[in-house]
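Working notes for the structure below.
We did not get these values from a lab; they are worked out from the coordinates using the rules stated. These numbers were taken from a predicted model, which means no experiment stands behind them. Methodologically, a virtual Cβ is constructed for each residue, glycine included, from the backbone with ideal geometry; neighbour enumeration extends over all protein chains shown.
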Amino acid sequence: MECMLENISLNYEVHGRGRPLLTLHGFYPDHRLMEGCLEPIFRTLSGWKRLYLDLPGMGSTKAQPWIVNSDHMLQVLLEFIDLIIPNQRFVLAGESYGGYLARGILRRRQPWIDGLLLLCPLIVPARERRDVPPHNVLVKDEAFMDTLAEGAREEFESVAVVQNRKAWERFHAEILPGLKAADSSFLARLQSGGYAFSFAVDPLLEPFTKPALFLMGRQDGIVGYRDAFRILEQYPRASYAVLDRAGHNLQIEQERLFAALVEEWAFRIEEEEAQEAGRTEFRRESNFHSGRRGQDESSNHHHGGNLRQALR
């Protein structure tokens, strides 16, 4: 679908009906990253309208010369919200740079937001100031990796903590197409000259008291996990999980834990909504709270410069 704003046209996809869930991918990939990891979860839940958009210069959304910094990116997103989900409460999910933009939206529209998911979020824009662990590969299938073309292998190896066929197939379907489609010249200019907001994004005007979820990779050598912990106290209803055997592609490398924790976060949002409405008939129970193991959704993931430089 196409959303025509005043000075830009945004490509986006919509699935389902109900409370809006706006999802924001990271720097260089496109909407397929968020769609690939969230659809297997939310297609089983009723009452959720998922919006997956391509940020400017990424996917099928063309760059515009007037967008030179993250303030402009935020302006585009706020205009998109005002046009597509006007005067509606909504939920936000952001990955890496998308998690940075999501906090910008939160700073501007906090009373309208009912939940926040931050997946390996960018906290500190300046790379040299981040507190990150070294890139550490934990699982590697050398025989399979030897079958990959050199360029594709380099992209995958530069960020993956789990390097095997299963992780590659999802990377190939959900991340690599966006990397290839991205306007690298536009993104390089933005990253070098206006990557950080002109305002301090993390001192919220007041604590965010709606359900939140931070998902961090213990081996994430791109954004790390310690910087995010320093803003946690502003989110008194946040779960904060640091997962072993997970880098910047946590949603792929720990897909079952990712699915369980996201589904539990969605349950908390639904529960909160029912409480606020004074309803006593709320019955849905998350697999996490019921003790049931979530279904392995790995069979559902079939969507069609160096990655560490093109950080997400």
Notebook entry, point to check: What is the Cα coordinate range of the range 17-168 on the first, second and third principal axes, sorted by size from largest, in whole angstrom?
Noted result: 53, 39, 30
Next item on the list: Give me the number: length gained by fully extending residue 237 to residue 196, i.e. 0.36 nm times residue separation minus the C-alpha to C-alpha distance, one decimal in nm.
Entry: 12.1 nm
Notebook entry, point to check: Looking at the chain, what % of its DSSP beta bridges pair antiparallel, to the nearest 5?
Noted result: 20
Next item on the list: May I ask you to list the lysines whose Cα is less than 17 Å away from that of residue 62, ignoring any residue fewer than eight positions away on the same chain?
Entry: 180
Checklist line | Potential lengthening between residue 141 and residue 206 on full extension [0.36 nm per residue; Cα-Cα distance subtracted] | finding: 18.7 nm
Next item on the list: Provide 34, 73, 145, 4 in ascending order of the number of other Cβ atoms located within 10 Å of each residue's Cβ, fewest first.
Entry: 4, 145, 73, 34
Note to self: What value in Å³ per residue do you get for the convex hull of the alpha-carbon atoms in the range 2-300?
What the structure shows: 130
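Among 208, 214, 199, rank each residue by its count of other Cβ atoms within 10 Å, from fewest to most, as a rough exposure measure.
Working: 208 19, 214 23, 199 11.
In increasing order of surrounding Cβ atoms, one gets 199, 208, 214.
Name the shape class, rounded, prolate or oblate, that the alpha-carbon gyration tensor gives for the range 17-89, where a ≥ b ≥ c are the square roots of its eigenvalues, rounded holds for a/c under 1.5, and otherwise prolate holds if a/b is larger than b/c and oblate otherwise.
Values: a/c = 3.09, a/b = 1.46, b/c = 2.12.
Taking the square roots of the gyration eigenvalues as a ≥ b ≥ c, the range 17-89 is oblate.
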